[in-house]
Every structure is written in C-alpha cells, then in structure tokens.
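Scroll down for the structure; my scribbles are underneath it.
The values are calculated or read from the model by the stated rules, or taken from the named source; none is laboratory data. Just so it is clear, the model here is predicted, and its values are computed rather than measured. Cβ placement follows ideal geometry from the backbone for every residue including glycine, while neighbour counts extend to all protein chains displayed.
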Amino acid sequence: MQEKILLLHGWGGSDFPHWQSWLAGEIAKEYGTVSFPKIHDSEFPNKDDWMLQAKKHLKDFQPDIVIAHSLATTLWFHLCNEGAIREVKKLYLVAPPSLQCEIQELQTFFPLTPPKNLYAQEVLLITSTTDPYMTPQEAKELQNALGIEMKVLESAGHINADSNYGEWPWMLHEITNT
C-alpha cells in the first residue's frame with residue numbers, strides 16, 4: 001500500500017474499539033502510511049478550532065486518501081466550502097450527520113451548505129438505514145446535492161463501535177486494494 005491515509009474522527013473521537021482505531025492499526029501492521037490525529041476538544045468541538053487543526057494536518061501530512069467519520073464529514077464540507085485544501089485521490093464520507101443537525105454541542109458546525117467541490121477524484125458516501133443522526137431520506141438528498149455514489153448499510157446504526165463496527169474488514173479491503 002503506497003497511499004498516505006488520513007482518518008478524521010467525529011464528535012468524541014473514535015478510540016478503540018471504534019473501526020477507525022482498528023483500521024489505523026491494521027494499516028500500520030502492513031507498514032502502510034496512516035495518520036489518525038486526535039483533534040483537540042473532541043468532546044466540545046468548535047468548527048474554527050477543528051478547521052485550523054485539520055488544515056495544518058492536511059498541509060503537513062498531504063494524504064492521498066481521507067476517511068472522515070460523522071462530524072469529520074461536516075468538517076470536510078467546511079474545508080471544501082472555504083477552498084483552502086488540495087485535492088485527494090479518494091474520499092470516504094462515513095455516517096455524516098444531518099445538515100440540519102440541532103445538537104447543541106455541535107452548533108458551530110451548522111447550518112451548512114453542501115460543497116460544490118469535494119476536492120477528491122473519487123468519493124463514496126457511506127450511510128446506514130438506521131443512523132440516529134441522518135435519516136435515509138436526508139442521506140439521499142445529500143447524495144443528490146453532492147452528485148456522488150452512495151453505499152447504504154442495512155441497520156448499521158451510526159457505523160461506530162456501538163453498532164458493532166469495531167472491525168470493518170470491508171473498509172480495509174476497499175483501501176488496500178485500490
């Protein structure tokens with residue numbers, strides 16, 4: 001695996017047993033190049049702070065593949081709307097929250113307009129039929145607004161450790177066989 005892979009976590013982080021921490025370990029075991037930074041104040045996220053941290057990391061690491069989970073998808077959208085990032089080869093947007101999210105702790109990230117340019121050559125939106133933060137209808141609307149492919153997982157909740165996504169072999173196969 002030659003690509004540099006950046007994993008961006010959502011609200012509260014993606015500590016073990018979350019699939020992102022598992023994936024980082026699996027990539028590293030095969031001597032792959034992976035970065036899985038802990039964004040400061042993950043429990044009390046602030047959009048401006050998260051954007052500063054993400055821009056610095058993107059500039060320093062220069063990933064080929066970005067895998068954003070949950071609030072990190074929203075962070076990516078803000079970075080795209082600002083236009084201050086370089087294009088990546090592949091982008092995975094996993095379990096984004098509704099663009100009308102009303103969770104008080106996350107209000108600095110909303111409202112949000114879907115970006116016109118996702119700064120990626122290939123993009124895959126991955127959603128669940130039972131995500132408590134985005135309905136299937138909202139997922140379809142987001143897919144249409146972004147004009148990208150979507151993979152829908154049946155009854156996968158928020159695609160996190162709480163919904164039995166501690167290990168996610170499909171994602172590992174997806175990024176190691178590109």
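Return the residues of segment 12-23 that are modelled with pLDDT under 95 and surrounded by fewer than 22 Cβ atoms within 10 Å (Cβ to Cβ); say none if nothing qualifies. Those that are modelled with pLDDT under 95 and surrounded by fewer than 22 Cβ atoms within 10 Å (Cβ to Cβ): G12, G13, D15, F16, P17.
Let's see how each residue does on (1) among the basic types (K, R); (2) at pLDDT below 95; (3) under 25 Å from K55 (Cβ atoms):
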{"residue": "L93", "(1), (2), (3)": "no, no, yes"}
{"residue": "P96", "(1), (2), (3)": "no, no, yes"}
{"residue": "I103", "(1), (2), (3)": "no, yes, yes"}
{"residue": "F109", "(1), (2), (3)": "no, no, yes"}
{"residue": "L112", "(1), (2), (3)": "no, yes, yes"}
{"residue": "Y119", "(1), (2), (3)": "no, no, yes"}
{"residue": "I126", "(1), (2), (3)": "no, no, yes"}
{"residue": "Q143", "(1), (2), (3)": "no, no, no"}
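As a summary of the residue check, L6 satisfies the conditions (1) closer than 18 Å to T176 by Cα; (2) part of a loop (DSSP other than H, G, I, E, B) except for the one numbered (2).
Every residue in segment 114-150 that is over 14 Å from I67 (Cα atoms) and either among the β-branched types (V, I, T) or in a strand (DSSP E or B) (or both), please. Please lay out each step first, then the result.
Step one: filter segment 114-150 for residues over 14 Å from I67 (Cα atoms), giving 114-117, 128-150.
S128, T129, T130, T135, I148, E149, M150, listed by residue number.
Could you look through segment 64-122, keep only residues that are of a type in the set (D, E) and in contact (Cβ under 8 Å) with a residue 60 or more places away in the chain, and pick out the one that is surrounded by the fewest Cβ atoms within 10 Å (Cβ to Cβ)? Residue satisfying both the conditions and the ranking: E105. Residue pairs whose Cβ atoms lie under 7 Å apart, separated by 6 or more positions or on different chains, with the first residue in segment 1-26 and within 15 Å of I39 (Cα to Cα) and the second among the charged types (D, E, K, R) and part of a loop (DSSP other than H, G, I, E, B), are G12/E43; G13/K38; S21/D15. For first residues located in segment 129-153 and within 23 Å of Y119 (Cα to Cα), partners that are part of a loop (DSSP other than H, G, I, E, B) and β-branched (V, I, T) and lie 6+ apart or on another chain with Cβ distances below 8 Å form the pairs V152/T129.
For segment 152-166, a residue qualifies if it is among the acidic types (D, E) and either modelled with pLDDT under 95 or under 15 Å from the mean Cα position of the chain (by Cα) (or both), and exactly one does: D162.
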